[in-house]
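Q: Below are the structure tokens for one structure; questions will follow.
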Amino acid sequence: MRLYLVPSPIGNLGDITYRAIDILRQADGILCEDTRTSYILLKHYQIQKPLTSYHQHNEHKILPHLIQDLKQGKTLALITDAGTPGISDPGFLLVRECIKENIPVECLPGATAFVPALIQSGIPGNRFVFEGFPPIKKGRQTLFKSLADEERTIILYESPHRLAKTLRELCQYFGNDRPAAVCRELTKLFEETRKGSLIDLATHYETTAPKGEIVLVIAGK
């Protein structure tokens, strides 16, 4: 009886630990954010286990069933489409319920996108704050205002079609000259880290549409 949170590669399928592969092979079942995405990873490592969809739209509904399976002695592994479960991905609710029910929980170390982005941005990484995806509407301005005077390095996730808008809004709250870096497609073939001021980055991505997963690193005040 145990729940394992298993980090999955953020792009390159080779970025998974030997232990993670062992856990996935030994588990009675694997919970996947998207079974189609996870199937590619599991097929690559010749892992065949029962797969269950577990994502933000069904996690409340299937939570009691998963807890029951764990109480009956099953070992389950949770993976997401990319990175570590619980970091801007499903996982928190299940972990909290397992703790409440005295079910052992273990999170393996492994891939998460904001760590390599922070390191290769060239922006100080000794103190930082991670805010995940900014709200799309409600709470967006409140968040940016609260971060304007933040002295630690700030890390955000953002979708490619909202990146230019977000950079332009950050210019309004943080100032045009605040140093920043946009890291996209980390570990993949077309990986890119572009550094500059917020206004330079905003101007670039207003004329050059970005693709892929994006991490935004911004210097503190």
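A short reminder: the numbers here are calculations on the coordinates, not readings from a lab. What you are looking at is a predicted structure, and each value in this text was computed from that prediction instead of being measured. Neighbour counts run over all protein chains shown; Cβ positions are idealised from the backbone, glycine included.
Q: With a 10 Å cut-off between alpha carbons and a GNM built on the chain, which of Gly73, Gly86, Gly175 moves the most?
A: Taking springs between Cα atoms under 10 Å, the residue moving most is Gly73.
Q: Another question about this same structure. Using a Förster radius of 22 Å, what is the FRET efficiency between Ser146 and Leu93 based on their Cβ-Cβ separation? Nearest 0.05, please.
A: Numbers: r = 25 Å, r/R0 = 1.16.
In this case the efficiency is close to 0.30.
Q: Something else about it: Sequence gap of 8 or more, or different chains, plus Cα separation below 25 Å: how many lysine pairs satisfy both in the chain?
A: So the count of such lysine pairs works out to 26.
Q: So what is the 222 nm mean residue ellipticity for the chain from helices alone, if each DSSP H run of at least 4 adds -39500 (n - 2.57) and you divide by all residues, rounding to the nearest 500 deg cm²/dmol?
A: Using -39500 (n - 2.57) per qualifying helix, the result is -10500 deg cm²/dmol.
Q: What's log10 of I(q)/I(0) for the chain at q = 0.07, 0.11, 0.14 Å⁻¹, Debye sum over Cα points only, no solvent?
A: Debye intensities relative to I(0), on a log10 scale: -0.25, -0.60, -0.90.
Q: Where does the longest stretch of the chain lie that holds no GluC sites (Glu not before Pro) found in a DSSP loop with 12 or fewer other Cβ atoms within 10 Å?
A: Free of exposed loop sites, the longest segment is 1-100.
Q: Would you be so kind as to identify all helices of the chain, as entire DSSP H runs, whose Cα atoms reach 15 Å or more along the helix's own axis and whose mean Kyte-Doolittle hydropathy is at least -1.0?
A: Flagged H segments are 59-71, 163-174.
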